[in-house]
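One structure below.
The values are calculated or read from the model by the stated rules, or taken from the named source; none is laboratory data. Values in this document were obtained by computation on a predicted structure and should not be read as measured data. Note that each Cβ is placed from the backbone with ideal geometry, even for glycine, and that neighbours are counted across all protein chains shown. Accessible surface areas use protein heavy atoms only, side chains included; no ligands, DNA or RNA. Shrake-Rupley method; radii C 1.70, N 1.55, O 1.52, S 1.80 Å.
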Amino acid sequence: QVQLVESGGGLVQAGGSLRLSCAASGRTFSSYAMGWFRQSPGKEREFVTAINWSGGRTHSADSVKGRFTISRDNAKNTVYLQMNSLKPEDTAVYYCAAAMYTVLSEDVSRYDYWGQGTQVTVSS
């Protein structure tokens, strides 16, 4: 069982930056691949980026490549999402998720545990 708690969301102007954190409970955090997803009102939850258990491999959606960076600190049971050059279309609730049996998947159904989400709002 893994519990995930996101933090770091907020309101930022276009072009600005935010760093989201996702703190995980449990001693098996390093066994899980981690992902970030986002969801806007009226839209399906969409893949943003993912990282493997060691942090050595990542995969990102084309819409965020070159702007967002995922990283993890297994000693702190935390995964991060550094978001730079934010755009109004990045506005969404951002969720972190943990997957035991898949790596770098874009498929929502492949993730086993989810956080409650944190709101990111980018003003123009």
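When the stretch 106-124 is filtered for residues that are open to solvent by 20 Å² or more (accessible area, probe 1.4 Å), touching a Lys or Arg at 6+ places or on another chain (Cβ under 9 Å) and under 25 Å from Ser17 (Cβ atoms), only Ser124 remains.
Selection over the stretch 43-93 of residues that are free of Cβ contacts under 8 Å to residues at least 40 places away in the same chain, open to solvent by 40 Å² or more (accessible area, probe 1.4 Å) and of a type in the set (Val, Ile, Thr) gives a count of 1.
Checking the condition within 16 Å of the chain's Cα centre (by Cα), among the aromatic types (Phe, Trp, Tyr) and part of a loop (DSSP other than H, G, I, E, B), which residue from Trp36, Trp53 passes? None of the other options fit; the residue is Trp53.
Applying a threshold of 7 Å to beta carbon distances and a minimum spacing of six or more residues, or different chains, the list of pairs starting in the stretch 21-38 at a residue that is over 16 Å from Val120 (Cβ atoms) and touching a residue at least 12 places away in the same chain (Cβ under 8 Å) and ending at one that is open to solvent by 50 Å² or more (accessible area, probe 1.4 Å) and assigned to a strand (DSSP E or B) reads Ala23/Val5. Looking at Gln13, Gln3, Gln39, just one residue is in contact with a Lys or Arg (Cβ under 6 Å, 6 or more places away or on another chain), surrounded by fewer than 17 Cβ atoms within 10 Å (Cβ to Cβ) and not acidic (Asp, Glu), and that residue is Gln39.
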